[in-house]
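Heads up: the structure comes next, in structure tokens.
Nothing in this text is a laboratory measurement; each read-out follows from the coordinates by a stated rule. On a predicted model such as this, the values are computed, not experimentally measured, just so you know. With ideal geometry, Cβ positions are generated from the backbone for all residues, glycine too; neighbour counts draw on all protein chains shown.
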Amino acid sequence: MIRYHKPILFFFLLALLSVLISFKEGDPNQRTAKWVLIKGGTLQVKGSTNINNFSCSIIGYSNPDTILVSRSRADKESVALTGALALDVKLFDCRNPVMTGDLRKTLKSKDHPKLKIKFISLSKFPDFSSPNDVIKGFVDIELAGVSRRFDVNYTFYRDEQKIIRLVGERDVNFSDFNLTPPRKLGGMIQTDNKLSVKFQLGMKSL
């Protein structure tokens with residue numbers, strides 16, 4: 001039987017405790033983490049026509065998807081993400097039946113019913129103690145059967161219920177996905193090419 005002297009045992013326990021503390025959520029030395037999405041996520045797109053502005057949303061995304069976070073050992077700042085969202089295009093609501101139908105048709109919802117967002121990376125690990133920690137990241141967005149990679153501005157913070165809140169924003173164009181902006185009345189009403197996309201997610205650490 002191996003016997004440990006008290007000083008050796010004390011330093012062993014102290015070292016073990018230090019390792020465990022270093023892996024707590026938000027620690028700059030943390031290598032991996034898992035975040036599971038909770039109910040209540042939203043995706044909003046805003047655009048404009050030559051006569052007005054519009055806003056369309058998918059509200060209440062509830063699939064319990066998991067995002068795996070892993071820090072690169074070669075680059076201490078770089079953080080890789082593994083995980084994706086698949087949203088039903090037919091759930092887009094523009095608060096106007098005609099506009100809602102036009103958007104769903106333009107996005108080819110019958111042939112490509114899902115809008116997919118695949119998380120790729122962050123420029124650094126989030127500082128959850130700051131309510132305005134803006135971080136650059138990359139995502140792949142697949143829409144109407146076309147996938148494109150974009151850089152995104154993220155904001156991370158933790159609310160009073162200890163829920164991690166992620167907000168991502170990015171401008172995209174219909175043409176990025178080989179789509180033609182909808183037109184009405186023989187072209188008298190024309191939708192601009194640009195859309196502002198914003199998604200908000202709530203997550204818990206596993």
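Descriptive notes on the structure:
- Applying the criteria of a DSSP loop state and at most 15 other Cβ atoms within 10 Å to the trypsin sites (Lys or Arg not before Pro) of region 40-106 yields 73, 76, 95.
- Whether region 92-150 is rounded, prolate or oblate, judged on the alpha carbon gyration tensor where a/c under 1.5 counts as rounded: oblate
- Among the listed pairs 118/194; 110/198; 90/124; 46/136; 114/204, those beyond 27 Å (Cα-Cα): 90/124
- Integer Hz, Karplus 6.51/-1.76/1.60 couplings in order for region 43-53, x for Gly and Pro: 10, 10, 10, 10, x, 8, 10, 6, 10, 7, 10
- Three-way shape label, region 56-206, alpha-carbon gyration tensor, a/c 1.5: prolate
- Ascending count of other beta-carbon atoms within 10 Å, so fewest first, for 69, 167: 167, 69
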